[in-house]
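FYI, it's all coordinate maths here, none of it is from the lab. These figures come from a predicted structure and were not determined experimentally. Please note: Cβ atoms are built from the backbone with ideal geometry, for glycine as well, and neighbour counts cover all protein chains shown.
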Amino acid sequence: MTVAADARTAELVAFFTEIYGVAPEQAVRAPGRVNLIGEHTDYNDGFCLPMAIERDVRIALRPREDRTVRVASVQEAGRVSFELSTAIAKDASVPWADYVKGCAQVLLEEGVELVGCDLALTGDVPLGSGLSSSAALEVATIHALLTAASVALEDERIAQLAQRAENAYVGTNCGILDQLSSACGMEGRAMLMDCRTLVLEPVPVPDGVSVVIADTGKRRGLVDSAYNERRAQCEAGAAALGVSHLRDVTLHGLRAAADAGKIDADTLRRCQHVVAENGRTEAAAACLRAGDAKAFGCLMDASHDDLRAKFEVTCAELDTMVGIARGLDGCLGSRMTGAGFGGCTVSLVRDEAVEGFVAALEKAYAAQFDLPVAVYVTRAADGAGRLDI
Ligand code: ADP
Ligand code: MG
């Protein structure tokens, strides 16, 4: 779907025109995402339920006659110019441009015939908050490069190539959830994602509720080592039960394995979260299909409680934010979202209560932590596509 022009697009067009001395020809956009439920399930071949958010990266573009790509960002300093090739050099002084270069290189490696172009971008997905501004930038970049070259690719393919750019070129080991959500999101829909088959099922988010994302301001420290440890425990649990992934395990099977001494108490608790979370995520999708926002909220609460007590990836800031949210009028459910140890919470809030909810949440959190809190109210947004200019 093409999104109509607005003030942000006008600002982007002006930025492009100022830099390059000529107006852009076209523009594209790709949204960030939030995961509603299904945490630490992706690498266990399980289920998650993300949706695209109403914040995006927008890129204005103009094809060139040569094989040069130039790019500038409204948010980040540094202007970059590079030649299209399968060995594009990184420049440590402009790290954000790696996302753009990585996408170009991956497309060329795939044999896509790109053309040079001038690009200018702007984004309102907060950088580094866990709402996946990086995936939004990658997916938008691929759309921009393809548009300049008049080439079309399927959304799933675009997501895979964006992930490869982040893995192989930028060097971040992310799964495909972020890029798929950004590329394939649908307005008013969350996406039940089967991480084994990568099949997406759109499920309607009921009318009358908003999704409220609250950034605790706590940046994730030590996350890599703890993340790797959790993954290893999940793998050990699956191996002890004779399967490759916890997707194929039941709570009963876990208990039996623990009773037989095949897994220790820590591994048991970690695996119990994953197995229960897969069930919760499928149940949550069923709640959405039935239009039952209240039951959905209860599952969000249960998800957080397991992430805190069994998987142990929350922290005082996340637990406090969730605790405050749950006590406020109109809140149907609240949980941490993302890998944990900091970052954001996500809450489901009745529309009529949102304003008061946001104000009260900010105030109560600020009274306990001296951290910059940011709250984003959103509905499920459309995935990447064209933008009118
Ligand atoms: P997240 O994906 O959670 O926002 P990441 O660290 O994965 O955090 O990605 C953030 C990086 O993406 C930024 O540091 C920057 O390099 C790049 N980025 C995202 N949006 C923009 C933008 N509007 N302009 C320039 N770079 C951006
Ligand atoms: Mg990212």
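Put a plus charge on the Cβ of each Lys and Arg, a minus charge on the Cβ of each Asp and Glu, and nothing anywhere else: the dipole of the stretch 128-221 about its Cα centre is then about 400 debye. Remark: 110, 282 ranked as 110, 282, counting other beta-carbon atoms within 10 Å and listing the fewest first.
What is the percent of Cα-Cα separations in the chain that go past 31 Å? Walk me through the numbers on the way to the answer.
Details: 28875 of 75466 pairs.
Summing the P(r) of the chain above 31 Å gives 38 percent of all pairs.
The phi-based Karplus calculation (6.51 cos²θ - 1.76 cosθ + 1.60; θ = phi - 60°) puts the 3J(HN,Hα) values of the stretch 83-88 at 8, 5, 7, 8, 9, 7 Hz, whole numbers, x for Gly and Pro.
What does the net charge come to around residue 229 if you take all other residues with beta carbon closer than 12 Å to its beta carbon, with K and R at +1 and D and E at -1? If you can, show how the numbers build up before the last one.
On the way: positive: 230, 231, 270; negative: 224, 235, 266, 312.
Local charge sum for residue 229: -1.
Taking the stretch 195-238 and a reference point 7 angstrom along Cα→Cβ of residue 369, the backbone N atoms nearer than 17 Å belong to 212-223. Annotation: aspartates and glutamates with alpha-carbon distance below 18 angstrom to residue 363 (same-chain offsets under eight excluded): 215, 317, 319, 329, 355.
Report, in debye and to the nearest 20, how large the dipole of the stretch 65-133 comes out about its Cα centre when Lys and Arg carry +1 and Asp and Glu carry -1 on their Cβ. Working shown, then result.
On the way: 5 positive and 11 negative charges, 43 e Å.
That gives a dipole near 200 debye.
Apply the Debye scattering formula to the stretch 110-237, with a single equal point scatterer on each alpha-carbon and no solvent, then give log10 I(q)/I(0) at q = 0.11 Å⁻¹. Taking Cα atoms of the stretch 110-237 as identical point scatterers yields -0.51. Look at 180, 348 and count the other Cβ atoms within 10 Å of each Cβ; fewest to most, that gives 348, 180.
Plugging the Kirkwood radius over Cα pairs into Stokes-Einstein for the stretch 251-342, at a temperature of 4 °C and a viscosity of 1.567 mPa s, what D comes out in µm²/s? Could the numbers behind the result be given before it?
Values: Rh = 14.2 Å.
For these conditions, the coefficient is 91 µm²/s.
Residues of the stretch 123-148 with backbone nitrogen within less than 18 Å of a virtual label 7 Å along the Cα-to-Cβ line of residue 75, please, listed as ranges. Under 18 Å, as judged by backbone N against the label point of residue 75, lie 123-144 of the stretch 123-148.
Between the listed residues 287, 340, 380, the Cα displaced farthest toward the positive end of the dipole of the stretch 266-389, a dipole computed from Cβ unit charges relative to the Cα centre, is found at 287. Highest GNM mean-square fluctuation among 370, 45, 215, for the chain modelled with Cα contacts below 10 Å: 370.
Could you calculate the FRET efficiency of residue 265 with residue 168 from 1/(1 + (r/R0)^6), where r is the beta carbon distance between them and R0 is 30 Å, rounded to 0.05? Walk me through the numbers on the way to the answer.
On the way: r = 38 Å, r/R0 = 1.28.
After rounding to 0.05, the efficiency reads 0.20.
Under 22 Å of direct C-alpha separation, and excluding same-chain neighbours fewer than eight residues apart, residue 310 reaches these lysines: 218, 262.
Write down Rg/Rh for the stretch 25-153, rounded to two decimals, with Rg from the C-alpha atoms and Rh from the Kirkwood relation over Cα pairs. Mind showing how you got there, number by number?
Working: Rg = 15.3 Å, Rh = 15.4 Å.
Rg/Rh for the stretch 25-153 comes to 1.00.
So what is the calculated 222 nm ellipticity per residue for the chain, using -39500 (n - 2.57) for each DSSP H run with n of 4 or more, over all residues, to the nearest 500 deg cm²/dmol?
Values: 11 runs with 154 residues, N = 389.
That calculation yields -13000 deg cm²/dmol at 222 nm.
Taking 7 Å steps out from each Cα toward its Cβ at residue 127 and residue 290 produces label points 4.5 nm apart. Residue exposure proxy: 156, 113, 65, 277, ordered by other Cβ atoms within 10 angstrom of their Cβ from fewest to most, comes out as 65, 113, 156, 277.
Please report, in debye to the nearest 20, how large the charge dipole of the chain is about its Cα centre when each Lys and Arg carries +1 at its beta carbon and each Asp and Glu carries -1 there.
Working: 37 positive and 55 negative charges, 89 e Å.
It works out to roughly 420 debye.
By the rule of a C-alpha distance below 17 Å, with chain neighbours fewer than 8 residues away ignored, the lysines paired with residue 101 are 90. Between 236, 104, 162, the residue with the greatest mean-square fluctuation in the GNM of the chain (Cα pairs under 10 Å linked by springs) is 236.
Pair-distance distribution of the stretch 311-389: all C-alpha pairs, bin width 5 Å, starting at 0; shares per bin in whole percent are 3, 14, 24, 23, 15, 9, 6, 4, 2, 0.
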